[in-house]
Amino acid sequence: MDMNKVKTLNRYHVIFLIQNVIVGTSVLSLPNRLSSMGYSQWWMPLLFGIVANLLLIPIIWLGLQYKNDTLFVIHEKLFGKWIGKLINIMLLLYFIVIIAAVCSSYIELVQVVALINRKITIPLLIFLCMVVYIVSGGIKSIARFCMISFLLTLWFLYFLKWGVMDGNISHTLPLFNFTKEEFFTASKKGLMAIGGFELISFYFPHIINQKKAFKHASIGLWISIGFTFCFSLVSVMFFSQWQLKNVLYPVLNLFKEVELSFLERIDVLGITMWVFLILSTVAAYLWVAKKGLDSIRSTPKKIHLYIIAAVVFVLVEFPYMEEFQQLMFERVFYLMYAMFLWPILLCFIHILKPKKSEGGE
């Protein structure tokens with residue numbers, strides 16, 4: 001039996017894979033990314049959720065046409081072996097840079113909040129070792145970790161109480177106090193915050209009940225959107241427009257407002273516990289990247305996992321120009337928009353390909 005085609009993911013696995021991979025670091029900085037819209041930004045996560053739900057339709061439809069194939073295999077079937085592998089190589093590079101960008105942003109955040117003036121080499125190594133350990137158990141192991149991460153971080157919502165109490169609900173009105181240019185800027189910067197749901201096209205063959213995958217994925221998506229919406233709404237209520245624009249991680253500052261008699265520096269606790277969400281995100285992308293390298297080399301090997309992890313470490317730690325690294329990590333997220341639309345193109349190619357072959361006979 002081909003172990004790559006064993007169906008192991010039940011509905012709960014699908015729900016929390018979608019939910020946790022989306023959250024990642026996006027919630028922490030989303031109010032800042034949407035700051036061009038000022039206070040009118042609070043409803044944008046709901047719009048992003050609708051867009052993501054619509055984009056899930058072609059992804060799931062394509063998966064149902066190739067029930068036992070990942071997107072890497074679908075590329076080779078639709079474009080031929082060599083063009084398909086070339087596309088897969090580009091995807092592999094994209095995923096590696098995404099992983100490096102997420103690792104870099106989180107480790108630097110930890111350095112600013114908890115490990116001031118200390119090198120990030122050891123924390124990065126520990127982080128990557130944990131990710132490799134999670135991924136080595138397979139996609140079901142990642143899904144289970146996502147479920148645990150959700151339960152361990154759900155209580156973050158309680159910390160919003162202080163932001164609500166000290167905030168001003170009048171900031172939420174008027175709803176449409178922005179220009180078209182401001183809306184476009186916010187959409188361009190903010191839409192990437194929902195990235196991660198598209199990875200279902202890679203673990204779709206492992207889903208037990210594929211016919212209900214859209215329903216389960218949608219549930220996970222809207223749990224994530226609800227989580228993001230709550231933080232965005234409270235950020236708008238609590239912060240001034242200047243703070244939304246100039247504070248890079250507004251949500252982290254919300255944690256600083258928490259007052260507990262038995263605990264200080266809630267922001268440090270918050271960013272430390274947030275590692276579970278980051279581990280979930282990075283683990284899913286690393287698993288997909290490993291599958292990509294397996295596909296390119298036409299043989300699954302565990303060493304591929306270690307090779308990719310080593311490349312990520314070099315990308316984050318290599319002493320090249322900081323400006324270049326920052327530019328690369330920022331620009332790679334814009335390629336995510338291409339990933340959102342790519343399945344739509346593949347659906348058209350799938351529909352047209354049989355007609356083309358019939359015409360040639």
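Bear in mind that the values in this text are calculations on the coordinates, not laboratory data. Bear in mind the structure is a predicted one, so any value in this text is a computation, not a measurement. Positions of Cβ are backbone-derived with ideal geometry, glycine not excepted, and every protein chain shown enters the neighbour counts.
Please report, in Å, the Rg and the Dmax of segment 1-142, where both are computed over Cα atoms only.
Rg then Dmax for segment 1-142, in Å: 18.9, 55.
Relative to the longest principal axis of the chain, what angle (0 to 90°, nearest 10) does the C-alpha long axis of helix 121-136 take?
Helix 121-136 sits roughly 50 degrees off the main axis of the chain.
Which lysines does K180 reach when only Cα atoms under 26 Å apart count, and residues fewer than 8 places away in its own chain are ignored?
K188, K189, K245
What is the fewest-to-most order of I98, I223 by other Cβ atoms lying within 10 Å of their Cβ?
Ascending Cβ contact count within 10 Å gives the list I223, I98.
Run the reach check for K85 against lysines, Cα to Cα strictly under 18 Å, same-chain hits fewer than 8 apart removed. What comes back?
K85 reaches K77, K290, K291, K301.
Placing one identical point scatterer on every Cα of the chain and ignoring solvent, what is log10 I(q)/I(0) from the Debye formula at q = 0.08, 0.15 Å⁻¹?
So the normalised log intensities are -0.40, -1.37.
Using alpha carbons only, how many degrees (0 to 90, rounded to 10) separate the axis of helix 139-153 from the longest principal axis of the chain?
10 degrees
Hey, what does the equivalent ellipsoid look like for segment 74-153, semi-axes from the Cα gyration tensor as sqrt of 5 times each eigenvalue, largest first, whole Å?
After diagonalising the Cα gyration tensor, the semi-axes are 32, 19, 10 Å.
With an 8 Å Cα cut-off and a minimum separation of 6 or more residues, compute the relative contact order for segment 1-160 in percent.
34 percent.
Got a sec? Which residues in segment 29-69 would a label at T179 touch, if it sits 7 Å along Cα→Cβ and we count backbone N under 14 Å?
Residues 36-38 fall inside that zone.
Normalising by the residue count of segment 43-120, find the relative contact order in percent from Cα pairs under 8 Å and 6+ residues apart.
So the answer I get is 12 percent.
Report the Cα centroid-to-centroid distance between segment 255-307 and segment 147-173 in angstrom, as an integer.
That distance is 22 Å.
So what is the relative contact order of the chain, in percent, for Cα pairs below 8 Å that sit 6 or more residues apart?
41 percent
What does the helix-only formula give at 222 nm for the chain: each DSSP H stretch with n ≥ 4 adding -39500 (n - 2.57), the total divided by the residues, and the result rounded to the nearest 500 deg cm²/dmol?
-23500 deg cm²/dmol
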